[in-house]
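*Asks:* Let me give you the structure first, and then I'll get to my questions.
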Amino acid sequence: MKKALKVAVIGGGSSYTPEIVEGFIKRYDEMPVRELYLVDIEEGRHKLEIVGALAKRMVEKAGVPIDVKLTLDRREAIKDADFVTTQLRVGLLDARKRDEHIPLKHNVIGQETTGAGGFAKAMRTIPVILDICKDIEELAPNAYLFNFTNPAGIVTEAVIKHTNVKSIGLCNLPIGTRMHIARLCDVELDKVYIEMMGINHLNWTTRVVVDGVDITNEILSKVSEAKGMTMKNIPDFGWDKEFLQSLGALPCSYHRYYYMKDEMLKEQLESVEKNGTRADVVKRVEAELFELYKDPELAIKPPQLQERGGAYYSEAALNLMSSIYLNKGDIQTVNVRNNGAIACLPDDASIEINCVIDSQGAHPIQLQAEMTPQIRGLLQVVKAYEELTVEAGVHGDYEKALQALTIHPLVGSAALAKTLLDEILEANKDYLPQFNK
């Protein structure tokens, strides 16, 4: 008989929650989640109650015996959990707005997962994640932590280096890339195998195999002409065909911030004038979603949730959970400790790579594609930024924070880095206990 599972979703009042609830319902026969705790903080109570009520209606309509529990008591939710997922936003969308606005004031890209904006989010998030990990170590030492919270690679590395928690970082980008390629080739998803290497939001697809045939070069030609190969929150600028061929790999959506820096900054500045920051746009989308969620007749995940930008996030989480629970030994792309899989990075770095997933967790697969200089150069610089950012976020180290921003390719100036850092620390001082000692 299969063991009934307890799952804690931290950040349960998120607009994304109906996505994962739908996933648990669909997979109940293979993975019986009996207790599903949705956890939030006092400031998120109102949203938690709305989302939680919808979750209960969804479960009731589906006729599955999942007991959905809403709580502000994180420790109650974590105690004896089998899986803990984190999808939180410290400082809520107002903080994201500052993350995007402060860099743009200085003609620097403002983005919530990379560059100065991603750095600010990491500084707020790391202390909270490490606090959650203390609870897991004490109350559910055998649990797996799946982190979706951005910047996912940096958060995962902080957990790897500073806790004993069994953690795996997740992103919807790898599964989204496979789905885009399947559509491009007009084949079912299970016919597509991709090899990815890199770190979160800076990974390269170096091999594409469809139905056993390596079609990497063909895909690089097709992608330069195709639209839709990006995330909802990133403008769909096409890739130059010659550039892709010279790179020899398919860059992820977020590479546009590096490879098309000027165009992306121009687009952001124009977009802010018209629509506000991405945080302003998300606020409007969320307000509409929560109005829908309030409807007592609604008992399914509404299709409008796709506009929020988190498509396939439930698919990624449930694939991983199922493979660990059922010891499947299949291959998924996740964020894990390097352990020599990418030779040019430290062993304790967080990397995003294909892994075999079984009951013991995620095990990186040896890369078949070559780590070329054009990939290695950018990867090592951004990973060095991440290493410095983790130490700054854990210890409140101003000097490491300054160096992190200085070497990031989207900042790249010591004077500018100092200006940005001082503004970020001041704007976020209520959320930075590590800098306020």
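*Asks:* Can you name the residue in region 107-139 that is open to solvent by 10 Å² or more (accessible area, probe 1.4 Å) and among the charged types (D, E, K, R) and is also nearest to Ile351 (Cα to Cα) among such residues?
*Replies:* Step by step, filter region 107-139, then rank; the result is Glu112.
*Asks:* Can you tell me which of (1) of a type outside the set (Lys, Arg); (2) modelled with pLDDT of 95 or more; (3) not in a helix (DSSP H, G or I) is the one Glu112 doesn't meet?
*Replies:* That leaves (2) as the condition not met.
*Asks:* Determine the pairs where a residue that is in contact (Cβ under 8 Å) with a residue 40 or more places away in the chain and open to solvent by less than 10 Å² (accessible area, probe 1.4 Å), located within region 76-87, has a partner that is of a type in the set (Asp, Glu) and not in a loop (DSSP other than H, G, I, E, B) with Cβ atoms under 7 Å apart, the partner being 6 or more residues away or on another chain.
*Replies:* Ile78/Asp135
*Asks:* Can you name the number of the only condition in (1) within 30 Å of Glu218 (Cα to Cα); (2) touching a His at 6+ places or on another chain (Cβ under 8 Å); (3) of a type in the set (S, T, N, Q) that Ser246 fails?
*Replies:* For Ser246, the failing item is (2).
*Asks:* Looking at region 386-396, can you tell me whether even one residue there is open to solvent by 40 Å² or more (accessible area, probe 1.4 Å), at pLDDT 95 or above, out of contact with any Phe, Trp or Tyr (no Cβ under 7 Å at 6 or more places or on another chain) and under 25 Å from Arg256 (Cβ atoms)?
*Replies:* Keep residues of region 386-396 that are open to solvent by 40 Å² or more (accessible area, probe 1.4 Å), which gives 387-388, 391, 395.
From what's left, at pLDDT 95 or above: 387-388, 391, 395.
Filter once more, keeping what is out of contact with any Phe, Trp or Tyr (no Cβ under 7 Å at 6 or more places or on another chain): 387-388, 391, 395.
Now narrow it down to the ones that are under 25 Å from Arg256 (Cβ atoms): 387-388.
Taking every residue of region 386-396 in turn, at least one turns out to be open to solvent by 40 Å² or more (accessible area, probe 1.4 Å), at pLDDT 95 or above, out of contact with any Phe, Trp or Tyr (no Cβ under 7 Å at 6 or more places or on another chain) and under 25 Å from Arg256 (Cβ atoms).
*Asks:* Is it true that Asn142 is within 14 Å of the chain's Cα centre (by Cα) and open to solvent by 20 Å² or more (accessible area, probe 1.4 Å)?
*Replies:* Answer is no for this residue.
*Asks:* Count, please, the residues in region 145-168 that happen to be under 14 Å from the mean Cα position of the chain (by Cα) and open to solvent by less than 10 Å² (accessible area, probe 1.4 Å).
*Replies:* 12
*Asks:* Now for a different question. Quick test of your reading of the structure: Ala415 fulfils all but one of (1) over 29 Å from Ile175 (Cβ atoms); (2) within 20 Å of the chain's Cα centre (by Cα). Name the failing condition by number.
*Replies:* The number of the failed condition is (2).
*Asks:* Still on this structure: Quick check on region 88-106: of everything there that is outside any helix (DSSP H, G or I) and under 30 Å from Ala415 (Cβ atoms), which residue is most open to solvent (accessible area, probe 1.4 Å)? Let's see the steps before the verdict.
*Replies:* The initial filter retains those residues of region 88-106 that are outside any helix (DSSP H, G or I), namely 88-91, 106.
After this cut, where a residue has to be under 30 Å from Ala415 (Cβ atoms) as well, the list is 90-91, 106.
Working: Val90: 22, Gly91: 14, His106: 55 Å².
Filtering first and then ranking leaves His106.
*Asks:* From the residues in region 260-316 that are among the basic types (Lys, Arg) and surrounded by 19 or more Cβ atoms within 10 Å (Cβ to Cβ), which one is nearest to Val108 (Cα to Cα)?
*Replies:* Arg278
*Asks:* Scan region 351-374 and tell me whether some residue there is open to solvent by less than 40 Å² (accessible area, probe 1.4 Å), within 24 Å of Val128 (Cα to Cα) and free of Cβ contacts under 8 Å to residues at least 60 places away in the same chain.
*Replies:* no
*Asks:* Gly377: more than 23 Å from Tyr259 (Cα to Cα) and among the small types (Gly, Ala, Ser), yes or no?
*Replies:* Spelling it out, it is not the case that Gly377 is more than 23 Å from Tyr259 (Cα to Cα) and among the small types (Gly, Ala, Ser).
*Asks:* What's the number of the only condition in (1) at pLDDT below 90; (2) within 22 Å of the chain's Cα centre (by Cα); (3) open to solvent by less than 60 Å² (accessible area, probe 1.4 Å); (4) not basic (Lys, Arg) that Phe237 fails to meet?
*Replies:* (3)
Residues are listed down the side, and each one gets a yes or a no for (1) out of contact with any Asp or Glu (no Cβ under 6 Å at 6 or more places or on another chain); (2) more than 30 Å from Val285 (Cβ to Cβ); (3) open to solvent by less than 10 Å² (accessible area, probe 1.4 Å):
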| site | (1), (2), (3) |
| --- | --- |
| Leu326 | yes, yes, no |
| Ile331 | yes, yes, no |
| Asn338 | no, yes, yes |
| Ala341 | yes, yes, no |
| Ala349 | yes, yes, yes |
| Leu378 | yes, yes, no |
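*Asks:* Continuing with this model, one more query. Given the options Ile168, Ile154, name the one that is assigned to a strand (DSSP E or B) and modelled with pLDDT of 95 or more.
*Replies:* The conditions single out Ile168.
*Asks:* Select the helices (runs of 4 or more DSSP H) contained entirely in region 309-412, then report the ones holding at least 3 residues which are closer than 25 Å to Leu5 by Cα.
*Replies:* Fully inside region 309-412 and qualifying: 313-325.
*Asks:* With the checklist (1) closer than 23 Å to Asn428 by Cβ; (2) open to solvent by 10 Å² or more (accessible area, probe 1.4 Å); (3) aliphatic (A, V, I, L, M) in hand, flag the one item Ile66 doesn't pass.
*Replies:* (1)
*Asks:* Based on this model, can you work out whether Val187 counts as in a loop (DSSP other than H, G, I, E, B) and either farther than 11 Å from Cys252 by Cα or under 18 Å from the mean Cα position of the chain (by Cα) (or both)?
*Replies:* On the way: in a loop (DSSP other than H, G, I, E, B): yes; either farther than 11 Å from Cys252 by Cα or under 18 Å from the mean Cα position of the chain (by Cα) (or both): yes.
It is true that Val187 is in a loop (DSSP other than H, G, I, E, B) and either farther than 11 Å from Cys252 by Cα or under 18 Å from the mean Cα position of the chain (by Cα) (or both).
The values are calculated or read from the model by the stated rules, or taken from the named source; none is laboratory data. Note that this is a predicted model, so its numbers are computed, not measured. Every residue, glycine among them, receives a Cβ derived from its backbone with ideal geometry; neighbour counts consider all protein chains shown. Surface areas here come from the heavy atoms of the whole protein model, side chains and all, with no ligands, DNA or RNA. Shrake-Rupley method; radii C 1.70, N 1.55, O 1.52, S 1.80 Å.
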